[in-house]
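For reference, the structure is listed below as structure tokens.
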Amino acid sequence: MSTSGNIMKCDDYKQAIAADPSESFADGAEHVAACASCAEFKAEMIALDESIAKALSFDVPELRMPELPDLDGQDENVVNMPFKRKSRFTMPPWIGIAAGFALAAFLGVQFLATDITDITNSSDKDLLLAAQVLSHLDHEPNALLPTNTEVAEERLAQVVNDDVGTMDRGIGLVTYAMSCVINGRTIPHLVIQGEKGPITLLLMPDEMVSMPVPLVGESINGVILPVGNGSIAIIGERDERLDDIKKRVVNSVEWST
Amino acid sequence: MNNSLANVERKQRFNRVVSVLHKDLYRYATWLCRDPGIAEEVVQEALLRAWKSLDALRDDDAAKPWLLTIVRRENARYFERKRLETVDIDSLTPAQSAMLAETEDPNLTVMRQAIFRLQDDYREPLVLQVLMGHSTKEIAELMGINPGAVLTRLHRARIKLKDEVEKEDAK
């Protein structure tokens, strides 16, 4: 903990400066000006980065351009790049967004259905919940900052309160806790740190799903698991292995109802 | 406009776009696959693909992320095609050895070896940030991961490099 009295803690500052020595994040300059230990760490990171930059910039040999074939009328090999094209249709933006999330959730079910016997059992209600979960992730990107700073017990008790249930700390290092609204109900939004990055947990004691609903996207790998009369959404990075985390989370949470 | 004139103009545009980025693309590919020899092949193939899909590049100012994406995909294709195993740092190819021996500065060699040893997941965002000057958001878009994960990987990459360098210094 910094003795400077600034809002940013030393651990957070060191995490952030090691990720971005240009210190483009908020409150960094203010913190480091008042904290000798962090100032020293920053200097170390800057020196390290100079070495990294030097090592990465090796001398490049003479490079040749490939022979470029004439392309008259030969467009069949064009690579499809992920550029946005203008739609031929117009619609209110919210319809597009809602449809996009619903489709993403549906595709998630389709593609990751290997451990699911019959995906047609996945109800519209499940897919709607999946869409809301995915939509919620975009609302709080700050939740996903890397940190080793654990959320205070009092804060966690406030968020995972008696109305929700109990959760033991075996769940892992909780670095974010917030009460959020999904489907009109206030639920705990937590973040724990996984192998590949932060993992979002949404504890939804009153949202039942009929079966596990996988959530996949270009950058995420997750699932909404049925747990008792409720469900828990677990969303990590695309290449995060969730098996152990799923067990840990399910074993750590007990609903109050 | 006749076809040959259109081709000439297309080639001029392509050369203009690529010439300023060619070296950076090669460096990026080298750090991606950890082999300067393979990197040259990957970049050549990527440029051919870029040439064929040049019309998809609406704005030349967006050429850098566009080309990096193509190089990235071509690198993945290359390794899929050849079914190559992960490069073992302890048995360097001649091209890798030459790259490490390029400098007489022992600190630089130690750092290059340490970067070679980094996991792909950690090395790539570091290269994109330090070498290519990309922001966290741009790296996230290019790699298809969220910005939080980019920051986590960058943090871990630097800590690993710091540890490796300190270990070497202590020897």
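The values are calculated or read from the model by the stated rules, or taken from the named source; none is laboratory data. Since this is a predicted model, take the numbers as computed values, not measurements. Backbone-built Cβ (ideal geometry, glycine too); neighbour counts: all protein chains shown. Please note that ligands, DNA and RNA were not included when accessible areas were found on the heavy atoms of the full protein model with its side chains. Shrake-Rupley method; radii C 1.70, N 1.55, O 1.52, S 1.80 Å.
Assorted remarks:
- Exposure check, 1.4 Å probe, all protein chains in place: B:H155 carries approximately 30 Å² of accessible surface.
- B:D60-A:S256 pseudo-label distance in nm [points 7 Å out on the Cα-to-Cβ vector]: 6.4 nm
- Out-of-range pairs (alpha-carbon distance over 29 Å; input A:K247/B:K162; A:K42/A:K196; A:K9/B:K23; B:K23/B:K137): A:K247/B:K162; A:K9/B:K23
- In chain B the longest region clear of GluC sites (Glu not before Pro) that are loop-assigned by DSSP and have at most 15 other C-beta atoms within 10 Å covers B:1-84.
- Contact surface B-A: accessible area buried, both sides summed, square angstrom, 1.4 angstrom probe: 5100 Å²
- For B:K11, the lysines whose Cα comes closer than 17 Å to its Cα, not counting residues fewer than 8 places off in the same chain, are B:K52.
- Accessible surface calculations at 1.4 Å, restricted to protein heavy atoms, place the range B:2-65 at 44 Å² per residue.
- Built amide H within the under 5 Å cut-off of A:V174, gap 5+: A:V151
- Placed amide H near A:G165: partners under 5 Å, 5+ positions off or other chain: A:S256
- In order along the range A:169-180, the phi-based Karplus estimate (6.51 cos²θ - 1.76 cosθ + 1.60, θ = phi - 60°) of 3J(HN,Hα) comes to 6, x, 5, x, 6, 8, 10, 7, 8, 8, 8, 10 Hz; Gly and Pro are listed as x.
- Inter-probe distance in nm under a simple model that places probes 7 Å from Cα toward Cβ, at B:E9 and B:S135: 3.4 nm
- The trypsin sites (Lys or Arg not before Pro) of the range B:9-65 that meet both conditions, a loop assignment by DSSP and at most 11 other Cβ atoms within 10 Å of the site Cβ, are B:R58.
- Our helix-only sum for chain B, with -39,500 (n - 2.57) per DSSP H run of n ≥ 4 divided by its residues, gives a mean residue ellipticity at 222 nm of -23500 deg cm²/dmol.
- Our estimate of slack between A:L128 and A:D163, defined as 0.36 nm per intervening residue step minus the Cα-Cα distance, is 10.2 nm.
- Solvent-accessible area of B:Y122 with every protein chain in place, 1.4 Å probe, in Å² to the nearest 10: 20 Å²
- Backbone geometry of the range A:239-245 corresponds, through the Karplus equation with coefficients 6.51, -1.76 and 1.60 at θ = phi - 60°, to 3J(HN,Hα) couplings of 9, 6, 8, 9, 3, 5, 5 Hz, x marking Gly and Pro.
- Rounded to whole numbers, the Karplus 3J(HN,Hα) couplings from phi for the range A:196-206 are 9, x, x, 10, 8, 10, 10, 8, 10, x, 10 Hz, using 6.51 cos²θ - 1.76 cosθ + 1.60 with θ = phi - 60°, and x at Gly and Pro.
- Accessible-area value, A:S51, 1.4 Å probe, nucleic acids and ligands omitted, Å²: 50 Å²
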